[in-house]
Amino acid sequence: MAHGAAGKDQDIVLKGGLVVDGTGGAPFPGNLLIRAGRIQRLSPRPIRTTGIVIDCAGKVIAPGFIDAHSHLDWHIPIKGHDELKYPFLAQGITTVVAGNCGASAAGFREHSIWRAQAESNLLRNGLLKIEWDSVGDYFARVASAGASHNLALLVGHGSTRASIRGNVASPLHPYETKELLWLLENSMDQGARGVSLGLQYEPGLFASPDELKEVALLVKRKGKILSVHLRALSALAPGYPLRPFGEPHNVAALREVLDLARRTGVRLQVSHLIFVGSRTWRTADAVLGHIDKAIADGVDVRFDTYPFHCGAAMISVMLSPWFIAKGPAAYEDAASLRRQKKEIQRVERLLGFGPSDIQVTDTLDSDLADYNGKFLHEIARVRRMNPVEALMDISRRSHGRARVLCHRYSNDRIVETLMRHPAALFMTDAWVERTGVQNPSAFGAFPRLLQVARDRQLLPLEEAVRKMTGATAERFGLVGRGLLKEGFPADVTVFDWENVRDNTTTGETSAAPSGIDYVFVNGQKVIGAGRKEHPLNAGVPLT
């Protein structure tokens with residue numbers, strides 16, 4: 001219960017809650033005073049105030065949650081449109097680490113003739129007008145416009161590379177590699193926390209081993225972090241020869257980046273560790289075994305995870321690199337189409353994942369808009385095609401950019417194993433779409449992580465909170481964030497440990513969570529009694 005009228009600079013006392021400070025230490029009953037945007041006092045003793053008092057009896061007072069793998073760099077600079085950002089605050093998230101999967105909203109070559117390709121990805125929403133190139137100018141825009149969240153940024157290798165020479169498949173020339181490294185270094189000097197790679201997406205999938213080594217050595221020299229979307233997240237993937245009895249492709253892809261980290265000494269963050277297709281699930285123990293072995297060998301590697309079995313992608317994720325490299329002409333070449341269709345069908349048989357597991361959220365084609373939200377097998381039935389033909393047709397019409405939600409990414413046992421792992425951090429890997437079916441992770445990932453930790457007794461409260469606050473802040477060097485500590489900025493989430501839960505379902509993927517009661521960003525109350533309370537502009541760039 002709150003007493004008094006809230007003013008922007010008025011003291012706020014969170015009274016009588018269970019303090020979980022983000023360190024992993026034992027919780028304790030206590031009180032927290034917010035003054036001038038910071039944690040002024042944290043004490044088990046009563047705190048007197050003439051300001052506002054919020055009764056937190058029966059609630060947890062925790063640091064604001066930190067999303068270790070976000071894509072909100074493409075949404076935060078948009079003025080207004082709180083509906084794209086609010087669901088993350090409603091989960092208790094106050095800080096995001098964005099610019100992942102090789103795609104960032106800054107770090108471009110100035111006046112690039114390839115600008116359209118550098119900006120073109122599934123994260124674009126038609127609302128963001130990019131009027132900058134550098135990370136510094138991007139941060140200045142965020143600071144002047146007001147941000148919904150505190151924002152830490154990774155510079156996307158793919159975005160920077162595409163601004164130099166587009167998505168051409170041939171190797172970079174030496175002078176292009178020098179420019180790439182210069183731009184990435186400049187971005188890190190301007191505040192980027194490191195570099196992200198998207199090795200399953202163009203143009204990242206075209207990067208040579210030597211190019212990746214040079215990038216990793218640069219990141220190591222700058223004392224930053226390298227975040228990697230692996231070349232394969234399934235046992236069989238289009239980027240590898242289809243040898244069903246060889247090493248699983250996701251294991252090979254993991255070994256590729258672990259070996260890169262061993263050779264260069266770079267700090268490695270493996271993005272969204274998932275296991276696409278039912279026949280990939282059996283590789284989970286091997287994957288974690290490789291990570292454990294690397295850690296034992298001294299490799300600084302961590303990974304991030306979420307509690308859902310689906311995730312967003314572009315429809316081109318189903319296509320082979322050789323097909324993508326041919327460009328639009330491939331869709332008009334009968335021999336290429338036959339080869340690609342056979343490869344997709346073979347992968348489906350061997351992998352347990354195929355077109356029928358793909359839910360199209362936005363076809364990007366007005367003539368096919370009625371199919372938004374449908375699975376490919378449903379679309380195929382109506383259009384009198386088979387699912388592979390439906391996939392190829394929508395991909396052709398959208399130039400490979402149609403937005404989809406891929407299912408059968410994981411199972412409950414894997415989710416629980418990943419959550420418990422000492423190297424795991426928590427994240428959403430999500431954004432809110434303007435149309436079509438939403439990704440449930442954008443609405444319920446952090447409440448569901450808490451819910452699963454509690455209901456299945458996977459993690460004690462203090463460890464679940466640490467993985468989504470203090471551990472993530474430490475990993476990405478977010479000084480002053482992720483902990484409840486006197487003098488730190490007042491990023492605080494108050495939630496009901498006994499009743500916090502995700503309410504999304506397969507049929508309702510955008511339901512609001514329960515049990516997130518109050519959220520403060522830099523001392524400003526943005527969620528009060530579970531409802532939006534203030535304009536979402538309290539966040540700052542973390543440079």
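Mind listing whichever residues of the stretch 294-321 are within 25 Å of residue 266 (Cβ to Cβ) and within 15 Å of the chain's Cα centre (by Cα)?
The answer is 302, 303, 304, 305, 306.
Do you know which residues across the stretch 298-315 are closer than 26 Å to residue 260 by Cβ and touching a Ser or Thr at 6+ places or on another chain (Cβ under 6 Å)? Of everything in the stretch 298-315, just one residue is closer than 26 Å to residue 260 by Cβ and touching a Ser or Thr at 6+ places or on another chain (Cβ under 6 Å), namely 306.
Filter the stretch 236-269 down to the residues that are free of Cβ contacts under 8 Å to residues at least 12 places away in the same chain and assigned to a helix (DSSP H, G or I) and list them by number.
Listed by number, the list holds a single entry, 259.
Evaluation of residue 48 against the conditions (1) free of Cβ contacts under 8 Å to residues at least 12 places away in the same chain; (2) under 30 Å from residue 429 (Cβ atoms); (3) not acidic (Asp, Glu) shows that the sole unmet condition is (2). Residue 315 fulfils the conditions (1) surrounded by 22 or more Cβ atoms within 10 Å (Cβ to Cβ); (2) hydrophobic (A, V, I, L, M, F, W, C); (3) out of contact with any helix residue (DSSP H, G or I) (no Cβ under 6 Å at 6 or more places or on another chain) except for a single criterion, (3).
Taking residue 425 as the residue in question, decide whether it is buried (at least 17 other Cβ atoms within 10 Å of the Cβ), touching a helix residue (DSSP H, G or I) at 6+ places or on another chain (Cβ under 7 Å) and either over 23 Å from residue 64 (Cα atoms) or free of Cβ contacts under 8 Å to residues at least 60 places away in the same chain (or both). No; evaluated as a whole, the condition is false for this residue.
Of the residues examined, residue 337 is one that is over 28 Å from the mean Cα position of the chain (by Cα), among the aliphatic types (A, V, I, L, M) and under 23 Å from residue 232 (Cα atoms).
Reported count of residues in the stretch 251-269, each being surrounded by fewer than 24 Cβ atoms within 10 Å (Cβ to Cβ), among the aliphatic types (A, V, I, L, M) and touching a His at 6+ places or on another chain (Cβ under 9 Å), is 2.
Determine whether the stretch 409-420 contains at least one residue that is crowded, with 22+ Cβ neighbours inside 10 Å, modelled with pLDDT of 95 or more, more than 20 Å from the chain's Cα centre (by Cα) and farther than 30 Å from residue 381 by Cβ. No: the stretch 409-420 contains no residue that is crowded, with 22+ Cβ neighbours inside 10 Å, modelled with pLDDT of 95 or more, more than 20 Å from the chain's Cα centre (by Cα) and farther than 30 Å from residue 381 by Cβ. A single entry from 459, 483, 536, 478 fulfils the requirement of being in contact with an Asp or Glu (Cβ under 9 Å, 6 or more places away or on another chain) and modelled with pLDDT of 95 or more: 483. Take the conditions (1) over 30 Å from residue 374 (Cα atoms); (2) touching a residue at least 60 places away in the same chain (Cβ under 8 Å); residue 479 misses just one of them, which is (2).
Listed here are the residues, each with its yes/no results for (1) farther than 24 Å from residue 233 by Cβ; (2) touching a Lys or Arg at 6+ places or on another chain (Cβ under 7 Å); (3) surrounded by fewer than 16 Cβ atoms within 10 Å (Cβ to Cβ).
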{"site": "354", "(1), (2), (3)": "no, no, no"}
{"site": "364", "(1), (2), (3)": "no, yes, no"}
{"site": "378", "(1), (2), (3)": "yes, no, no"}
{"site": "387", "(1), (2), (3)": "no, no, no"}
{"site": "393", "(1), (2), (3)": "yes, no, no"}
{"site": "400", "(1), (2), (3)": "no, no, no"}
{"site": "406", "(1), (2), (3)": "no, no, no"}
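Filtered by the rule that a residue be in contact with a Leu (Cβ under 6 Å, 6 or more places away or on another chain) and on the phi > 0 side of the Ramachandran plot, the stretch 272-322 gives a lone residue, 277.
When the test is whether a residue is small (Gly, Ala, Ser), more than 27 Å from residue 435 (Cβ to Cβ) and in contact with a Gly (Cβ under 8 Å, 6 or more places away or on another chain), residue 187 passes it.
For the stretch 440-494, name all the residues that are of a type in the set (S, T, N, Q), buried (at least 24 other Cβ atoms within 10 Å of the Cβ) and assigned to a loop (DSSP other than H, G, I, E, B).
Correct list: 469 only.
Of all residues in the stretch 342-352, those that are surrounded by 16 or more Cβ atoms within 10 Å (Cβ to Cβ), under 28 Å from residue 506 (Cβ atoms) and out of contact with any Lys or Arg (no Cβ under 9 Å at 6 or more places or on another chain) total 3.
Count of the stretch 10-49 residues, restricted to those that are modelled with pLDDT of 95 or more, β-branched (Val, Ile, Thr) and assigned to a loop (DSSP other than H, G, I, E, B), is 3.
Go through the residues of the stretch 314-324 one by one and say whether even a single one is more than 23 Å from residue 278 (Cβ to Cβ), outside the structural domain of residue 504 (by TED's automatic domain parsing), modelled with pLDDT under 95 and not in a helix (DSSP H, G or I). Checking the stretch 314-324: not a single residue is more than 23 Å from residue 278 (Cβ to Cβ), outside the structural domain of residue 504 (by TED's automatic domain parsing), modelled with pLDDT under 95 and not in a helix (DSSP H, G or I). Only residues that are under 19 Å from residue 123 (Cα atoms) and either outside any helix (DSSP H, G or I) or over 25 Å from the mean Cα position of the chain (by Cα) (or both) were counted in the stretch 376-395, giving 1.
The values are calculated or read from the model by the stated rules, or taken from the named source; none is laboratory data. Given the structure is predicted, the values throughout are model-derived calculations rather than measurements. Positions of Cβ are backbone-derived with ideal geometry, glycine not excepted, and every protein chain shown enters the neighbour counts.
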